[in-house]
Amino acid sequence: MTLTVKDLSVTYETASGRKVLAVADVNITVQVGEFVSLIGPSGCGKSTVLHCMGGMLRPSAGSVAVGGEEIRDPRPERAAFIFQDYSLFPWKSVVDNAAIGLRFAGMPKAERRARALKELELVGLGHVADSYPAELSGGMQQRVAISRALAMEPEILLMDEPFGALDEQSRRRLGIEMSRVLTDTGKTVVMVTHSLDEAIFWADRVLVMGKGPGRIIEELVVPEPRPRRPEFMTDRRFDALRAKLFSLLEVSPAEEPVAVRSAG
């Protein structure tokens, strides 16, 4: 289902009672199966927009809807989050961690184990299903977190700096793997990242937010079908997009907001 953000604004109140406009007049449309990256300077409201998309935060003005139905609360079967923090239970096995959302949803044990095992196989972790988080590398733990989200069979995946805790080599290797997996599943994905390379390599479109109050100031389309090969990172088109993003983030102007629509 299409994800639609319309005229979204979010205002916070500080401890002293002062009101701060964090996000202003954001308009985004994400079509089914599309991957969109959201990038911008720290404090511009990227995660705020993502939390509104998942129903974890209510807009001060405007709306977020999936398939025309307005989002008013979090529902993992509609939009599942993947965060930088893996949030795995150390006393539970890998498969039980992958199935934890299904357990909370009331699915019978045998059924949730079977679904969790299927998702672990998808991300290349079927062979460690009965291991424990402490026995896994950081990249493997993040794959468990991804399988946990996929096990909920959500319409949309919302990823907030999913690989931020990993070293650069692990981050790139896992990013290439997961880009293939998410393309194969056909999931609709919105990802917040500070990495220019990740934003370009993963996404069909990159949306750039300017300084607070956060607004969409630019939309860049990545002219390469997914999943992408590592060689794309040395392509002149990749270099051109990276240079454009770098320029935008260096200046990060407070311009008029841009309403972005998918080409689909």
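The single condition from (1) surrounded by 22 or more Cβ atoms within 10 Å (Cβ to Cβ); (2) under 18 Å from Ile176 (Cβ atoms) that Met140 fails is (1). Please go through segment 1-30 and give me each residue that is surrounded by fewer than 18 Cβ atoms within 10 Å (Cβ to Cβ), of a type in the set (Val, Ile, Thr) and either assigned to a loop (DSSP other than H, G, I, E, B) or modelled with pLDDT of 90 or more (or both), ordered by number. Residues satisfying the conditions are Thr2, Thr11, Thr14, Thr29.
So in segment 84-102, with the set limited to residues that are within 22 Å of Val181 (Cβ to Cβ) and of a type in the set (D, E, K, R), which one is surrounded by the most Cβ atoms within 10 Å (Cβ to Cβ)? If we take residues in segment 84-102 being within 22 Å of Val181 (Cβ to Cβ) and of a type in the set (D, E, K, R), then Asp96 is surrounded by the most Cβ atoms within 10 Å (Cβ to Cβ). Across segment 31-49, the number of residues qualifying as of a type outside the set (Ser, Thr, Tyr) and in a helix (DSSP H, G or I) comes to 2. Per this entry, Leu120 is not counted among residues that are more than 22 Å from Thr188 (Cα to Cα), surrounded by 18 or more Cβ atoms within 10 Å (Cβ to Cβ) and outside the structural domain of Asp184 (by TED's automatic domain parsing). Filter segment 200-251 down to residues that are in contact with a Lys or Arg (Cβ under 7 Å, 6 or more places away or on another chain), among the β-branched types (Val, Ile, Thr) and surrounded by fewer than 21 Cβ atoms within 10 Å (Cβ to Cβ), then give me how many there are. Summing the residues that are in contact with a Lys or Arg (Cβ under 7 Å, 6 or more places away or on another chain), among the β-branched types (Val, Ile, Thr) and surrounded by fewer than 21 Cβ atoms within 10 Å (Cβ to Cβ) in segment 200-251 gives 1.
If I filter segment 157-174 down to residues being within 14 Å of the chain's Cα centre (by Cα) and buried (at least 20 other Cβ atoms within 10 Å of the Cβ), which single residue comes out as farthest from Val49 (Cα to Cα)? Among those that are within 14 Å of the chain's Cα centre (by Cα) and buried (at least 20 other Cβ atoms within 10 Å of the Cβ), it is Phe163.
Here Ala105 fulfils each of the conditions (1) of a type outside the set (Ser, Thr, Tyr); (2) touching a Pro at 6+ places or on another chain (Cβ under 9 Å); (3) surrounded by 14 or more Cβ atoms within 10 Å (Cβ to Cβ) apart from (3). Count of segment 95-121 residues, restricted to those that are touching a Ser or Thr at 6+ places or on another chain (Cβ under 7 Å) and in contact (Cβ under 8 Å) with a residue 40 or more places away in the chain, is 1. Report yes if Asp160 is modelled with pLDDT of 90 or more and assigned by TED's automatic domain parsing to the domain that holds Glu198, otherwise no. Yes: the conditions hold for Asp160.
Could you list, ordered by first residue, the pairs with Cβ atoms under 6 Å in which the first is in segment 122-140 and over 16 Å from Leu174 (Cβ atoms) and the second is charged (D, E, K, R) and part of a loop (DSSP other than H, G, I, E, B), at least 6 apart or interchain? As it stands, the answer is none, since no pair meets every condition given.
Lys92 satisfies every condition listed in (1) in contact (Cβ under 8 Å) with a residue 24 or more places away in the chain; (2) over 27 Å from Gly164 (Cβ atoms); (3) outside the structural domain of Pro213 (by TED's automatic domain parsing) except (2).
Count, please, the residues in segment 105-119 that happen to be under 18 Å from Pro76 (Cβ atoms) and of a type outside the set (D, E, K, R). Of the residues in segment 105-119, 5 are under 18 Å from Pro76 (Cβ atoms) and of a type outside the set (D, E, K, R).
Taking the listed residues Gly33, Gly40, Gly62, Gly54, the one that is under 18 Å from the mean Cα position of the chain (by Cα), surrounded by 14 or more Cβ atoms within 10 Å (Cβ to Cβ), more than 30 Å from Leu125 (Cα to Cα) and not aromatic (Phe, Trp, Tyr) is Gly40, with no other qualifying.
The values are calculated or read from the model by the stated rules, or taken from the named source; none is laboratory data. The structure presented is a predicted model; accordingly, all values stated were derived computationally and were not measured. Virtual Cβ from ideal backbone geometry, glycine too; neighbours counted across all protein chains shown.
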